[in-house]
Amino acid sequence: MDSYGYVETRGLVTAIEAADAALKAADVTLTNCYYVKGGIVTIEVAGDVAAVNAAVDAASESARRLGNFLSSNVIARVASETKKILISDIGKKSDEKTADVQNDEDIIEKSDNDNEKTEVQIMTEEVIEQAVNENADIENENENQFIKEQPEDIAETETEGIIEESVQEITENAETGNQNNIIQENEEVSITETLKKKDEETKKVKKQYQDMKVVDLKTKVNNLKIGYTWNQIKTMPKKKLIEILVRNNKEE
């Protein structure tokens, strides 16, 4: 394969059709497909001079039928230095694909290791939980046995202490709930005030722009450099210009 042929089209569909026609017309190899901005796609075939010429002619005719043919070229007996560029480009793509495959394998292996660690951790947690539950059951049995062996007055004293602790805990929880409600109310008030302040500032900015001339508004929008061309800006009404300026102020 010492000759290369190129067919440049507009759109991927036309490029696929041209490549198919080239491969069916002659004994050539599709070596590359280049994507350029603006929807331009170039296919590259390689083979003998006669085969490449026939393939390029067939691909060009196919692209013309679809109305998206741009240009074509055949390089017969490519110079050794030029061939190095093409080969290195293909080798680079091969290395990139190999690197992607290796990265995918590393990700899969890492995922498997993480899953194994998770399973071990879950089993360890289950064993610990089971041991804790067994210890709790033993403590409850000992406590019940101890209560049965104590005199009735001691049991009553312990019951009163438990009730007192429960009442104290309920009181503390109620106080904490009240404090949380106060904090939440303060936050809501702060957010409301902030929104009101922003609305007032927006209204003030709108009022300033409404008092300006349309020509000055167009100049301001053009100076923002936010992607509008001057022809687009010239056709915008005053309301649209003010919306753009106010939105830009909010983003800043």
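Quickly run through the range 198-216 and pick out the residues that are modelled with pLDDT of 85 or more and within 13 Å of Lys238 (Cβ to Cβ). Those that are modelled with pLDDT of 85 or more and within 13 Å of Lys238 (Cβ to Cβ): Gln210, Asp211, Met212, Lys213, Val214, Val215, Asp216. Of all residues in the range 229-244, those satisfying the criterion of being in a helix (DSSP H, G or I), over 29 Å from the mean Cα position of the chain (by Cα) and aliphatic (A, V, I, L, M) are Ile233, Leu241, Ile242.
Remark: pairs (first residue in the range 213-233, assigned by TED's automatic domain parsing to the domain that holds Ile244; second residue of a type in the set (Asp, Glu); Cβ separation under 9 Å; 6+ apart in sequence or on different chains) are absent. In the range 66-86, which residue that is in a helix (DSSP H, G or I) and more than 13 Å from Val7 (Cβ to Cβ) is modelled with the lowest pLDDT? Only one residue fits best here, namely Leu86.
Within the range 1-34, the set of residues being free of Cβ contacts under 8 Å to residues at least 40 places away in the same chain and among the aromatic types (Phe, Trp, Tyr) comprises just one member, Tyr34.
For the range 198-223, residues that are under 34 Å from the mean Cα position of the chain (by Cα) and more than 12 Å from Val246 (Cα to Cα) total 2.
The values are calculated or read from the model by the stated rules, or taken from the named source; none is laboratory data. Source: prediction; values computed, not measured. Positions of Cβ are generated from backbone atoms using ideal geometry, with glycine treated the same way; all protein chains shown enter the neighbour counts.
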